[in-house]
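Step one of this worksheet: look at the structure below.
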Amino acid sequence: MPNHVLITGASGNLGSEVVKKLYDSGYGICATVGSGDVPLDMAAMLLDARQVDLTDEAATQSYVEEITGQYPGLRAAVLLVGGFAMGSISDTTGAMLDKQINLNFKTAFFVARPLLKHFEKRGGGQIILVGSRPAILPKAGKDMVAYALSKSLLFRLAEFINEAGKGKQITASVLVPSTIDTAANRQNMPEADFTKWVKASDIAEAIAFLLSDTGSTLRETVLKVYNES
Ligand SMILES: NC(=O)c1ccc[n+]([C@@H]2O[C@H](COP(=O)([O-])OP(=O)(O)OC[C@H]3O[C@@H](n4cnc5c(N)ncnc54)[C@H](OP(=O)(O)O)[C@@H]3O)[C@@H](O)[C@H]2O)c1
């Protein structure tokens, strides 16, 4: 039985580790990137790789309909697209809010909406969203308000999916990383203790667990992957 998953943001710091982990675990992977190219070493691990601007609702809907038509067994999506911006309430303009909501929320919502129709038809499915600690901890979010607000919508979206999915084997989980140990974060915070951060490969392991037979039985999961930071 083919075990097909969709991964968005596949070329990112986290995406590339998730692709590796799920490929090694035997999944057939459909993946999207934004404006960049699919890394060459990753392309060989993917059944289908595309550039899709997931802030474009119509393009995203067509894409999801196409891959679910091609892979009707597709049973999960790991929605990793997101981005960060600093700014307190007084710094945050409407344009900054729109940008963060587009990037962090709509890129997930526009995939989830047509995908949930597919899950209803096939009799179940799983969506994994990536939140962030500033979205649930005001102390961490007060200086990154647009980012925190946009990520907080993902927690609400998961609740709605879980409520609507009851009795239908449809679930949503939210994974909450602290600071991920990436080259960009090391460059931006050179004084930090990197050993306290969380490795992208550990988050990938957590995602693989959520998709496993045991993980699939969890409901309304919010998984905090903080390590010591
Ligand atoms: N890094 C951290 O410390 C941290 C902490 C907490 C939560 N997170 C969350 O974890 C997730 C992954 O983070 P990351 O560090 O791996 O991010 P990343 O390296 O910046 O990767 C972002 C990915 O999203 C894609 N993307 C960006 N805009 C897009 C668009 N409009 N349409 C489609 N794809 C688009 C990018 O593709 P292109 O490069 O081709 O545009 C890339 O594949 C994000 O949701 C982030 O908010 C990260």
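The values are calculated or read from the model by the stated rules, or taken from the named source; none is laboratory data. Given the structure is predicted, the values throughout are model-derived calculations rather than measurements. Glycine gets a Cβ as well: all are built from the backbone with ideal geometry, and neighbour counts include every protein chain shown.
Worth pointing out:
- Counting only residues that are in a loop (DSSP other than H, G, I, E, B), free of Cβ contacts under 8 Å to residues at least 40 places away in the same chain and not charged (D, E, K, R), the stretch 175-191 holds 2 of them.
- When the stretch 209-224 is filtered for residues that are surrounded by fewer than 17 Cβ atoms within 10 Å (Cβ to Cβ) and either part of a helix (DSSP H, G or I) or touching a strand residue (DSSP E or B) at 6+ places or on another chain (Cβ under 9 Å) (or both), the ones remaining, listed by number, are 209, 217, 218, 219, 220, 221, 222, 224.
- Residue identified as at pLDDT 95 or above, part of a helix (DSSP H, G or I) and closer than 16 Å to residue 76 by Cα among 206, 172, 146, 140: 206
- Across the stretch 152-186, the qualifying residues are those that are within 12 Å of the ligand (Cβ to nearest atom) and over 16 Å from the mean Cα position of the chain (by Cα), and the one among them that is surrounded by the fewest Cβ atoms within 10 Å (Cβ to Cβ) is 183.
- Residue 34 vs. criteria surrounded by 14 or more Cβ atoms within 10 Å (Cβ to Cβ), over 21 Å from residue 118 (Cα atoms) and in contact with a Leu (Cβ under 6 Å, 6 or more places away or on another chain): no
- Candidate set: the stretch 19-65, residues that are touching a Ser or Thr at 6+ places or on another chain (Cβ under 9 Å) and touching a residue at least 60 places away in the same chain (Cβ under 8 Å); chosen: the one farthest from the ligand (Cβ to nearest atom): 25
- In the stretch 1-18, residue nearest to residue 75 (Cα to Cα) [restricted to those that are near the ligand (Cβ under 9 Å from one of its atoms) and among the polar types (S, T, N, Q)]: 8
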